[in-house]
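Peer 1: My questions will all concern the structure given below.
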Amino acid sequence: MLDTSPLSAAVERFADRLRAAPQSRLTRGAAAEALELARELAVRAQRLEDPRGAAPARRMPDAGVFVVGDQVAVAGQDLAEALRALKEGDSTKAPSEMLDEAVALVEQAEVRAMR
């Protein structure tokens, strides 16, 4: 089973920073950046859970600036769980490569959102 703790740690760190951020920072772009990340993480998890695309795609809603930290946390944990459940050969990419990409995505979004 793949160790997804690096993704979980990165997601929780960013989510905590968003939850603690003042409204002014959130409305200046941090919330939009976080929502974009949450949506991307959710899409990646959905693709892993349903590689044939049989189920209709679900889009993370814009629930407001004060919940984006929770949205990032939920989407990140969903992706971590989907990566843990993945078996070698289930995808064209190695699970560890997908994990590294996801961690980089979270870290880059955090830098952009919190500058």
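Peer 1: Checking L48 against (1) closer than 21 Å to D90 by Cα; (2) open to solvent by 30 Å² or more (accessible area, probe 1.4 Å); (3) at pLDDT 95 or above; (4) of a type outside the set (F, W, Y), only one condition comes out false. Which one?
Peer 2: The failed condition is (3).
Peer 1: For E36, are the conditions met, namely being open to solvent by 50 Å² or more (accessible area, probe 1.4 Å) and over 18 Å from M114 (Cα atoms)? Break it down into steps so the answer makes sense when it comes.
Peer 2: Numbers: open to solvent by 50 Å² or more (accessible area, probe 1.4 Å): yes; over 18 Å from M114 (Cα atoms): no.
Judged against the criteria, E36 is not a match.
Peer 1: Further, regarding this structure: Restricting to segment 17-33, name every residue that is open to solvent by 60 Å² or more (accessible area, probe 1.4 Å) and under 11 Å from E110 (Cα atoms).
Peer 2: R17
Peer 1: Applying the selection to segment 61-81, what residues are surrounded by fewer than 18 Cβ atoms within 10 Å (Cβ to Cβ), more than 12 Å from L7 (Cα to Cα) and not aliphatic (A, V, I, L, M)?
Peer 2: Answer for segment 61-81, where residues must be surrounded by fewer than 18 Cβ atoms within 10 Å (Cβ to Cβ), more than 12 Å from L7 (Cα to Cα) and not aliphatic (A, V, I, L, M): P61, D62, G64, F66, D70.
The values are calculated or read from the model by the stated rules, or taken from the named source; none is laboratory data. Bear in mind the structure is a predicted one, so any value in this text is a computation, not a measurement. Positions of Cβ are backbone-derived with ideal geometry, glycine not excepted, and every protein chain shown enters the neighbour counts. To get the accessible areas, we keep the full protein, side chains included, count just its heavy atoms, and leave off ligands, DNA and RNA. Shrake-Rupley method; radii C 1.70, N 1.55, O 1.52, S 1.80 Å.
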